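The structure appears below as structure tokens.
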Amino acid sequence: MERSQYTGAKGTQNRQTVAFAILGGLIIAAILLVTTVWVSGTARTGTREAVGRISEFYLEELAGRRAQVVSGELNTHFTYIENALGILEPADLASQESLCRFLGRVRRLYGVEKFALVDADGIVYTEHSVTSGLSRYSFLSEELTGPVVRTANLYGAKKQVTLAMPVEDLSFQGKQLKVCFLQLNIDEMLSSLTLETGVNETYCNLYYRNGTSLTNNSFGNLMAGQNLLTALSEAEMANGSSYARLTEDFTSGRPGQASFRYAGIQEDLCYMPVEGTNWMMTILIRDNVLGEQISSISSGMLRRSIIQIAVTVAAMLGVFAALIGQYRRSARLLLQQEKADGDRIRAAYAQIEREQTAMDIIHAALGSGLWSMEFNENAEMVSCTWTDVFRNMLGYESEEDFPNRLESWSDLLYEEDRDRVLRAYWDTVMDYTGEKTYDVEYRLLTRHAGWRWFHAAGRLSRREDGSPISFVGLFLDVDDARNMNEQLDLQRLDLEDALAAAQHANRAKTTFLNNMSHDIRTPMNAIIGFTSLAAAHIDHPEQVQDYLGKITTSSNHLLSLINDVLDMSRIESGKVKIEEKETSLPECMHDLKTIVQADIASKQLEFYIDTADVVNEHVLCDKLRLNQILLNLLSNAMKFTLPGGMVGVRIIQKGAAADGWAAYEFQVRDTGIGMSKEFQAHVFEPFERERTSTISGIQGTGLGMAITKNIVDMMGGAISVASEEGKGTTFTVSLQFRICSGPVRQEVIPQLQGLRALVADDDFNTCSSVTKMLSIIGMRPDWTTSGKEAVLRTKLAVEQTDAYAAYIIDWLMPDMNGVEVVRRIRGLIGGDTPIIILTAYDWADIEEEARDAGVTAFCSKPIFLSELREVLESPFAAPGPESSAEQAADLTGRRLLLAEDNELNQEIAVEILQGAGLAVDVVGDGAVALEKLKEAGPGWYDLILMDIQMPIMDGYEATQQIRALEDPRLAHIPIIAMTANAFDEDRRAALEAGMNGHIAKPIDVPKLMELLKELLE
Amino acid sequence: MRKKARGASRSQDHRSGGKRSFRWSEQWLRELRETGRRTLLLAALIGGCGLGLSGCTGSPGGNLQPAEPTQSVAVPSGGDTASAVRFDRELDGYQPHKRAYRFYFTYKVVHPWWDAVALGMEDAARQYEDMGVVIDYEYLAPGTVSAQDQIRRLEDAAGREFDVIGVDVADVAAVTPAINALIADGQRVMTFSSSDAAREDGCTRIAYVGNTHNYEDGAALTEALCEKLGFRGKVAILVGTEGAPCHEDRARGAQDVLARYPEMELVELDYDGDSVDKAYRLTQDFLERQPDLAGIVCCNMSNPVGAARAVVEAGRSDSVVIVGMDHDQEALRYLRSGVIYALGVQDCYSIGFDTIQVAVKIADGGRPEEDYPEKTEEPTTLIYQDGAAAMLEILYGEIL
């Protein structure tokens, strides 16, 4: 009951409060409204009166200023006329053209429509015209005494102002010049004076004093051209204004104002005479413009004031209501907040509990162990707690196994990690600034899984002074992840290497293709070009021979390119096999020398070839491939060495080899252009050339060194390069071969034991090598690198009666050539002592001269021990002259059957064979060859040259069928494969098919002849 | 209603006027058919000829067909006068071959009528100047009409190396030999403005720009007068300069029309020498001699001004109907006040404008009929009282 009474009383009180507030607001609003309306009305009246007075002054001022502007404009133009007449010179009046030019200049100078002079006959001269003007310009029929202003009655509603002045004392072509005038466009002159606004409320115009309009502009409600005074005669004049005064003012040229209602609109007119003319400048403003503006402003002010009052009262009521509501809401919110705080505290405890449980689950799932430590105020550890998860991770199960002590953990640290980790731990603990954090990885010895990587991180809580309170951290096993990362890093590096290698290879192949395109086209161009030239000069044998020589050179080069590319291809595809056969290293080296000799001579190079310590001269190796290695290296050396340079080969036997094996080192050196260190790293990679052939002018596939390296690899050896740009290059090939015979005999030659021998060679290495050999066979060698010194030593030895028993003299020495040395030595020692010339060159050309000089024998470099022994063991008798050329095989009259499907190849083969005196029958297929052989019968053909790839029956099949013939005389006929299938396997296939030999295309004619001779004889 | 007085009936106009003349003739016929079907029979009976002005051929001297279309104009009206004089002309797009030209033009007499021609020339020259082509010209005339003076001016001009010489022929018979001599001497001579010396007159001038239908203009004015008078009454004719082709042609046209109506009587004919004062005096004489004079036909610009002054002065403006030529401001005011019944307004501005354009083409070696018309026609528009105010505003910017 009391509560309801209280509620009722409170409600009544609230209602009274609201009623008072509303009533108060309404009273205030009413007061404001009344005062506002009163003030607004007073202001409107006052404003209207004030504006009216101001506008009168304003209009008068406005009209006056515009009248002055117009007057000034006219005066300015009169000044123009005076100025123009002032600068008119007699030369301008010399002719009609000069006068018109003058008038044009003046017109353009002053920017007027027309500038003219008029003579006494009324002829008007302007810039471009001469016209009769008496009827057109009324002032010309007047006697002008001063400046006049006229408006011309021009057509098309274009009115213009003409300003004219009389001219004195000027004549043109015998006629007095009477008038000068210029013409202005009225509209342009007034364009800057217009007052028209966007709603045409204010107007400006010029009228004659009789009310006629000067312009074609409208003026308020007056149409363009309408007479002002005539129109206003019908206007309703306002108080203070009269039509009579208006017309009087106009007539007498007086300024004034008039207010009237015309066409239903109240307007104010202000007029002002324009000095020097009979014009009146008029300004018209519509009265309603001012009234409406003032009414509009006052109404707007009143409206805004009422709205302002309403808004103010409403705002007051609103604020009052808001304050009451806010008070009630505050009380209610206080209660609700107390209740909510209790709920939140309970919920927070529950949340903490849930999070703790979740953390335990997470730690268990992640395998992370929690640890914690407590510190006292002196930063001394007072407790250390390892969780069970932590212990389990290390393989321990209870606190007994792994006590809650720091040492339990620190003792298990890996030795290399211990200092780092403990330093990090204590640095963090003792860092009172709290900036350092503990985050380390280290290895720990686990109980069952050995050393494993762990990651530990922790944070400290600290007191205000920074001393530690507790240190809590996590401990994770990262061993697997770390191992995996390491593995991934390795794989990434491998992949990057592979990618780089692939990119490099790709770039190299692109370069190779570019180079090949150039390198193949170059000789092809020569071949095609010289072939055309040869055809064109077929009647000039000398030229043709020259062309053919060049074609041959280019062809050989092209062939070597193709061979290189194919070799590389076969090596890379694993088709090349190393075939070890008994090989004589001396023979191999001599062959090598023979092969390169021609090129050495043609390139004007010095050539050295020698041996060192070679005691095993016969080995099991693939002679062909060894030759290929050395030839490639030598070719390279020759290619990159300029004329006058040196190229050398040395074979050295090394001591370190297994039983039954011998180790050799082949050095190929040159004094050529050398190569950069960067390129040396890639020199053995396929398609690599330091400079492109188009730049260096040196052609090549870039495959030579790669082929060489591959072959060396296949032979189990190694190849290296040492080079310096501009100085030269040395390639060193290390190979081990099985020994196929014992070492060269090392025993002394009894007859020579203890005797002296002299070696003279400008190459120290040769001297050393030969000296060693001589020592082995029991002699006492001396050596010198000077020819002159050799002569002196001989002389000395003779004088000491300890003459040399043998001389080994180099042919070419810088101070004295070998033949001369021999001649002088022979002069000292007489004719018995053997003198051997040692040379790397072909001695055929000097042999006769040398023997005359006293040379006993020639020995070819490189000289091996066996060879030296052989020479010295001989009875010191001069060997018989060598057969310098083998007798050419006489194949005349022998008959061959050529099976070849290609007509060009047929023609080439027939020409070669017939040139050698052979008779040739040609068939285009293996089957035909078989039939032809059978038809001819035994004894008709001596040999068959068999192509392999033919359309109906290939060469293999044909050979097999021939070998299967019953008649043994036919079945055993020699067959040579002559084919473009030029690889070893092709050769083997031919032999396996029953053929007797193999000649590759393009045909090597000497080789073919040699094989034919071998088989036919 | 405004009516065009056209010269499309002549055979040479078919050559020179081209499509424009033909089209206007058709329009005239359509108007005729729509408004005056009932008058056709009467016209046929009177004239003895069929309808259709476009079918008229021959010289303007006497071959006009009797069926004048003006008979069919029932209610003359000023109507649309905006196109009577076209001040908004632009060049026809022809590209001159040279950067500068020199022309010489001479006309009959110093008179406001030729000032409108001068304005057209001035505007054309200004438009050429905007294109970068300079036109220097002389446009001169004597104070009084004189064929001999004109011949002297032409001969003087021939020695001054003008590109083209233009002449508004003062007297065909006297001036034609001079023109032919100049042409024979290699000069390029054209005629312009109101009077031509045509090829059928034996003149070898190159081209003509201007009114090609003066005879028809005179006939049309007289037709309007006759209609106004109910085809009955005495009429006087005032002519300008004796021998001036345009004036004479108009006078002939007027006489031929009057001759077709039996109750129309020509009682006076005289020349004012293009003088307003003389026209005034002559009219005073007419009024005095002919108390029952019903109408006056005025064949040039000065005639109607002088005639109106005299008629007003005599207080006989209600009984004497005046028709005349041209657009003199005073004459137009008389038209607006009803003193003058009709005026034939020529487009003088276009005459001047086109004269310059044709002269440029002639100077460039253009050939008539190929590069420009041999005769460039300019229209004449009949204006009545209710069109006078508009014409005053257009021509002179005058508004009451």
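Only loop residues by DSSP count here, and only those with at most 16 other Cβ atoms within 10 Å; note down the chymotrypsin sites (Phe, Trp or Tyr not before Pro) in segment A:407-452 that meet that.
Qualifying residues, ordered by number: A:Tyr414, A:Tyr432.
Do any trypsin sites (Lys or Arg not before Pro) in segment A:393-428 lie in a DSSP loop with no more than 15 other beta carbon atoms within 10 Å, and if so, which?
Sparse-neighbourhood loop trypsin sites (Lys or Arg not before Pro): A:Arg405.
Need one value for A:649-661: mean number of C-beta atoms belonging to other chains within 10 Å of its residues' C-beta atoms.
Per residue, the average neighbour count from other chains is 0.
Between their Cα atoms, which of A:Lys727/A:Lys772; A:Lys550/A:Lys1001; A:Lys932/A:Lys1001 are more than 21 Å away from each other?
Violating the 21 Å Cα-Cα cut-off are A:Lys727/A:Lys772; A:Lys932/A:Lys1001.
If the cut-off is 20 Å between C-alpha atoms, which aspartates and glutamates fall inside it for A:Lys934, apart from same-chain ones fewer than 8 positions away?
A:Glu900, A:Asp901, A:Asp921, A:Asp925, A:Asp942, A:Asp947, A:Asp954, A:Glu957, A:Glu966, A:Asp967
How shielded is B:101-110 by partner chains, expressed as the average number of their Cβ atoms within 10 Å of its Cβ atoms?
2
Quantify how strongly other chains surround peptide B:134-142 by giving the mean number of their Cβ atoms within 10 Å of each of its Cβ atoms.
Taking the mean over all residues of the peptide, I get 5.
Mean Kyte-Doolittle hydropathy of -1.0 or higher plus an axial Cα length of 27 Å or more: which whole DSSP H helices in chain A meet both?
Answer set is A:2-87, A:287-366, A:479-536, A:541-572.
Send over the per residue convex hull volume for segment A:198-287, Cα only, as a whole number of Å³.
Each residue corresponds to 83 Å³ of Cα convex hull volume.
To make sure I understand the rule: partners must be lysines, Cα under 28 Å from the Cα of B:Lys375, and not fewer than 8 residues away in the same chain. Which ones qualify?
The qualifying lysines are B:Lys3, B:Lys4, B:Lys19, B:Lys98, B:Lys108, B:Lys361.
For A:Lys159, give me every one of the aspartates and glutamates with a C-alpha distance below 14 angstrom, ignoring sequence neighbours fewer than eight places off in its own chain.
Excluding near neighbours in sequence, the set is A:Glu113, A:Asp187, A:Glu188, B:Glu393, B:Glu398.
Would you please give the residues with an amide H less than 5 Å from that of A:Ser786, counting only those at least 5 places away or on a separate chain, with H modeled from the backbone geometry?
Long-range HN contacts for A:Ser786: A:Asp761.
Loop-only trypsin sites (Lys or Arg not before Pro) in segment A:522-618, please: DSSP not H, G, I, E or B, and at most 14 other Cβ atoms within 10 Å.
Counting only loop positions with at most 14 other Cβ atoms within 10 Å, the trypsin sites (Lys or Arg not before Pro) in segment A:522-618 are A:Lys575, A:Lys577.
Taking every DSSP beta bridge with both residues inside the protein assembly as shown, roughly what % is antiparallel (nearest 5)?
Restricted to the protein assembly as shown, the bridges split so that about 60 percent are antiparallel.
Sort A:Leu88, A:Leu865, A:Leu513, A:Leu33 by Cβ crowding within 10 Å, fewest neighbours at the top.
The most exposed by this proxy come first: A:Leu513, A:Leu33, A:Leu88, A:Leu865.
With a 10 Å Cβ neighbour count serving as the proxy for reagent exposure, in which order, fewest first, do A:Phe679, A:Phe402, A:Phe666 appear?
Ascending Cβ contact count within 10 Å gives the list A:Phe679, A:Phe402, A:Phe666.
Taking the Cα centre of each part, how many Å lie between segment A:515-584 and segment B:97-129?
Taking the Cα centre of segment B:97-129 as reference, the centre of segment A:515-584 is 92 Å away.
How large is ³J(HN,Hα) for each residue in segment A:677-684, as worked out from phi by the Karplus curve 6.51 cos²θ - 1.76 cosθ + 1.60 (θ = phi - 60°), to whole Hz, x for Gly and Pro?
5, 4, 6, 4, 5, 10, 4, 9
Sorting A:Asp942, A:Asp343 on the 10 Å Cβ count, fewest up front, what's the list?
A:Asp343, A:Asp942
With θ taken as phi - 60° and the coefficients 6.51, -1.76 and 1.60, list the Karplus ³J(HN,Hα) couplings across segment A:839-852 in order, rounded to whole Hz; mark glycine and proline as x.
Values, residue by residue: 8, 9, 10, 6, 9, 3, 6, 10, 4, 5, 4, 5, 5, 4 Hz.
Output wanted: per-residue J couplings in Hz (rounded whole) for segment B:120-125, from phi through Karplus 6.51 cos²θ - 1.76 cosθ + 1.60, θ = phi - 60°, x for Gly and Pro.
After applying 6.51 cos²θ - 1.76 cosθ + 1.60, I find x, 4, 4, 5, 4, 4 Hz.
With viscosity set to 1.002 mPa s and temperature to 20 °C, compute the Stokes-Einstein D of the protein assembly as shown, Rh being the Kirkwood radius across alpha carbon pairs; µm²/s, no decimals.
43 µm²/s
Counting helices only, and only those DSSP H runs with n ≥ 4, report the 222 nm mean residue ellipticity of chain A as the sum of -39,500 (n - 2.57) divided by its residues, in deg cm²/dmol to the nearest 500.
-16000 deg cm²/dmol
Under 5 Å between amide H atoms, partner at least 5 residues away or on a different chain: which partners does B:Gly233 have, H built in plane at 1.01 Å?
Amide H neighbours of B:Gly233, under 5 Å, 5+ apart: B:Met264, B:Glu265.
Between segment A:322-377 and segment A:228-287, what's the alpha-carbon centroid distance in Å?
92 Å
Coordinate-derived values only; no laboratory data. Being a predicted model, the structure only gives us computed values, none of them experimental. Don't worry about glycine lacking a Cβ; one is built from the backbone with ideal geometry, like all the others, and counts go over all protein chains shown.
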